[in-house]
1. Rounded to the nearest 10 degrees, what's the angle between the helix 158-173 long axis and the longest principal axis of the chain, both from Cα atoms, 0 to 90?
2. At 0.36 nm per residue, and after removing the present C-alpha to C-alpha distance, how many nm does the segment from Gln117 to Phe100 gain when stretched out fully?
3. Given just the C-alpha atoms of region 29-174, how large is their convex hull per residue in cubic angstrom?
4. So for region 16-79, averaging the separation of alpha carbon pairs under 8 Å that are six or more residues apart and normalising by length, what relative contact order in percent results?
5. So how strong a dipole does the chain carry about its Cα centre when Lys and Arg Cβ are +1 and Asp and Glu Cβ are -1, to the nearest 20 debye?
6. Taking the Cβ of Asn78 as the center, what net charge do the other residues with Cβ under 10 Å away carry, scoring Lys and Arg +1 and Asp and Glu -1?
7. Once fully extended, how much extra length lies between Thr42 and Phe90, figured as 0.36 nm per residue of separation less the alpha-carbon to alpha-carbon distance?
8. Could you tell me the relative contact order of the chain? Use alpha-carbon pairs under 8 Å, at least six residues apart, and round to a whole percent.
Amino acid sequence: MPHLTRALIRKRAEHNEGIISSLEEISLHQEELEGIREVLGTTCRKLKIVYLQNNIIPKMENLHHLKELEYLNLALNNIQKIEGLERCEFLNKLDLTVNFIDFDHLEESIDQLVSRQHLRELYMMGNPSQMDWDPGFKDYVIHRLPQLESLDGTHITKSMRIVAAQAYPRLEGE
């Protein structure tokens, strides 16, 4: 299986003349990557957009150097919980569509996003937590993340927030 290496990053940075230190966007999708190696953050600290969808990444790790990251796409991977985003202060869009985030890790995962004040769009459809607990999932996420403007591509309205706030005490007991 391929690993995330400096050579792969340089290859995917051809639009930036192979210069990786100033790279702001990189597409590493469909590379069968098994993980996010530290080389991504240590060599590309200016990244704002990272496409890592359709790999076999099991864990969100080594993202702490990406302080300017705005959009992270990890759809179609093997992610089991949301983690490792503490230093991604400017993250405003996170795509975790079709992963393995289940109900047991949902509260811990959402806790990781509460302090991401710039987060406006979150995609989690196709995860066990969403499929097994629909519609409670939507209400839970909307209530816990008041900064969100969109969940799974649906604009969050004021009435949706009211419904979520009313449902939240019941959902906490489930």
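Bear in mind these aren't lab numbers, they're just calculated from the coordinates by the rules spelled out. Computed from a predicted structure; not experimentally measured. When we count neighbours, we look across all protein chains shown, and the Cβ atoms used for this are built from the backbone with ideal geometry, even at glycine.
1. 80 degrees
2. On the way: separation 17, 0.36 × 17 = 6.12 nm, distance 2.45 nm.
Answer, rounded to one decimal: 3.7 nm.
3. Enclosed volume per residue, from the Cα hull, is 90 Å³.
4. Working: 132 pairs, mean separation 22.4, N = 64.
Relative contact order for region 16-79 comes out at 35 percent.
5. Values: 20 positive and 28 negative charges, 117 e Å.
Using Cβ point charges on Lys, Arg, Asp and Glu, the chain gives about 560 debye.
6. Summing Lys and Arg as +1 and Asp and Glu as -1 gives 0.
7. That works out to 15.5 nm of additional length.
8. 13 percent
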